[in-house]
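> Okay, handing you the structure first.
Nothing in this text is a laboratory measurement; each read-out follows from the coordinates by a stated rule. From a predicted model like this one, the values you see are computed outputs, not experimental measurements. Note: ideal-geometry Cβ built from the backbone for every residue, glycine included; neighbour counts use all protein chains shown.
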Amino acid sequence: MGNSNKDIVLAFLDASVRGDEEAMKDLLHPDVRVIEATALPYGGVVKGPDGFLNLIKRVFKTWEKTEVSVQQVIADGDHVVLLAEMTGRSRSTGKTFRMPIAEVWLLDSGKIKEVQPYYFDTKLLHDLHQESNE
């Protein structure tokens, strides 16, 4: 695999699927930050490689049977955009969701510096999470 920004993001995703946290950290900029929609249970800004890895764990623990299937990866300069579909289920109600998401990744000197996901329906995710906490 080459070292294009697209390849770097794909390598990160591959390491994530394998659960290889060291390989993931190697691809992250020391000042990496992830900006999640504030309406989500894991919303807000997280900083640093450890914060990013902990956020990934929180997302996948918030829902049951969570999956993100990447459908397309588009790269232009320092930006890489993932188009994907996220599925999962509320832990308490069993209600499922399926929605498109997009993630904008910013790279700096061959390292992932910022990730900003965009969910098609943050209200649905918020409401499902609220139901699971009632």
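> Taking every alpha carbon pair in the chain, what does the distance histogram look like in 5 angstrom bins from 0, in percent?
That works out to 2, 10, 20, 24, 21, 13, 7, 3, 1, 0, in percent per bin.
> Still on this structure: Percent relative contact order of the chain, based on C-alpha pairs within less than 8 angstrom and at least six residues apart? Write down the numbers at each step before the final one.
On the way: 242 pairs, mean separation 33.1, N = 134.
Relative contact order, the chain: 25 percent.
> With a 10 Å cut-off between alpha carbons and a GNM built on the chain, which of 17, 68, 80 moves the most?
Among 17, 68, 80, the largest GNM mean-square fluctuation belongs to 17.
> Quote to one decimal, in nm, the extra length available between residue 3 and residue 33 on full extension: 0.36 nm per residue of separation minus the C-alpha distance between them.
8.7 nm
> Can you sort 114, 85 so the residue with the fewest Cβ neighbours within 10 Å comes first? Can you show the working numbers first?
Working: 114 18, 85 14.
In order of increasing Cβ crowding within 10 Å: 85, 114.
> Shifting gears a bit: Check region 56-134 and count each lysine pair with an alpha-carbon distance under 28 angstrom, considering only pairs eight or more places apart or from different chains.
13
> Something else: Measuring from label point to label point, each 7 Å out along Cα→Cβ, what is the residue 118 to residue 66 span in nm?
2.1 nm
> Where Lys and Arg each count +1 and Asp and Glu each count -1, what net charge lies around residue 42 among other residues with Cβ under 11 Å from its Cβ? Could the numbers behind the result be given before it?
Values: positive: 57, 58, 61; negative: 36.
Around residue 42, the charge tally is +2.
> Something else about it: Within the set of other residues whose C-beta is less than 10 Å from the C-beta of residue 105, count the net charge using Lys and Arg as +1 and Asp and Glu as -1.
Within the 10 Å Cβ shell, the charges total -1.
> Obtain the nm distance between the two label points defined at residue 78 and residue 18 by a simple spin-label model: each point lies 7 Å from its Cα along the Cα-to-C-beta direction.
Each label point is offset 7 Å from its Cα along the Cβ direction, giving 2.8 nm.
> Based on DSSP H runs of at least 4 residues, each adding -39500 (n - 2.57), what is the mean residue ellipticity at 222 nm of the chain after dividing by all its residues, to the nearest 500 deg cm²/dmol?
Helix-only estimate at 222 nm: -11000 deg cm²/dmol.
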